[in-house]
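So the structure is just underneath, and the comments pick up after that.
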Amino acid sequence: MDYEQIKNRLSPCGLDCSKCYAFDGGDIKKHSEQLKVALGNFDVYAERFTELLHGDIFRKYPDFKAMLAHFASAECQGCRKEHCKLFRDCKVRDCHEEKGVDFCFQCHEFPCKHTGFDEHLQQRSVHNNKRMKAIGVEGYYHEVRDKQRY
């Protein structure tokens, strides 16, 4: 995979958009859709299993089904194509466009506090970008491509 392809997968903060639950073309959406199909009309069975198996866990099926539907309805095209649908306060996309950089570490102000991120995501973004700076964007991508995002 070349630099441009990698850049289009990674957001400027270094997160892999394709692994986000909000990403339209990602595995989470794909697997959620498949699980919805595989479960079919499980509502009826969840209700029956609660009684027949004394399985209180099945009482939670409506909540699980709602979460699964949420994961299956992902619509985000990624940070390079639109504003993040997951972190609504994210200012990184606008900033990287304004500064003309692909990734935060390429900016002379890095690291900064102008991201709009909470403390946890801010630390993760700084870590991601320091790692990219140290080993290169391609090296970083190869290091994280098979890891879960969450």
Q. Can you put Asp118, Asp102 in order, fewest other beta carbons within 10 Å first?
A. Asp118, Asp102
Q: Please report Glu33, Glu82, Glu4 as a ranked list, fewest other C-beta atoms within 10 angstrom at the top and most at the bottom.
A: Glu4, Glu82, Glu33
Q | Options Ala74, Ser18, Gly55, ranked by Cα towards positive dipole end of the chain, top entry (Cβ charges) | A | Ser18
(Q) I want to check the label-to-label distance for Gln106 and Asp43. Put each point 7 Å from Cα in the C-beta direction and report it in nm to one decimal. (A) 4.9
(Q) Quick check: from the Cα gyration tensor, does the range 27-73 come out rounded (a/c under 1.5), prolate or oblate? (A) prolate
Q.
Can you sort Val92, Val37, Val144 from fewest to most other Cβ atoms within 10 Å of each residue's own Cβ?
A. Val37, Val144, Val92
Q) How much length is gained on full extension from Gln122 to Leu35, taking 0.36 nm per residue of separation minus their Cα-Cα distance? A) 28.0 nm
Q. Once Rg and Dmax of the Cα atoms in Å is worked out from the coordinates, which option in (1) 19.3, 64; (2) 14.8, 45; (3) 15.0, 47 does it equal?
A. (1)
(Q) Only four residue types carry charge here, +1 at the Cβ of Lys and Arg and -1 at the Cβ of Asp and Glu. Report the dipole size of the chain about the Cα centre in Debye, rounded to the nearest 20. (A) 200
Q: Provide the gained length on full extension for the span His114 to Glu143, in nm with one decimal, where the gain is 0.36 nm per separating residue minus the Cα-Cα distance.
A: 7.8 nm
Q: Holding the Cα-Cα limit at 23 Å, pick out from Lys65/Lys85; Lys99/Lys133; Lys91/Lys147; Lys91/Lys133; Lys30/Lys99; Lys30/Lys81 the pairs that are longer than that.
A: Lys91/Lys147; Lys30/Lys99
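Read-outs throughout are calculated quantities, based only on the coordinates presented, and are distinct from any laboratory measurement. Note that the structure is a prediction, hence the values are computed from the model and not measured. Note: ideal-geometry Cβ built from the backbone for every residue, glycine included; neighbour counts use all protein chains shown.
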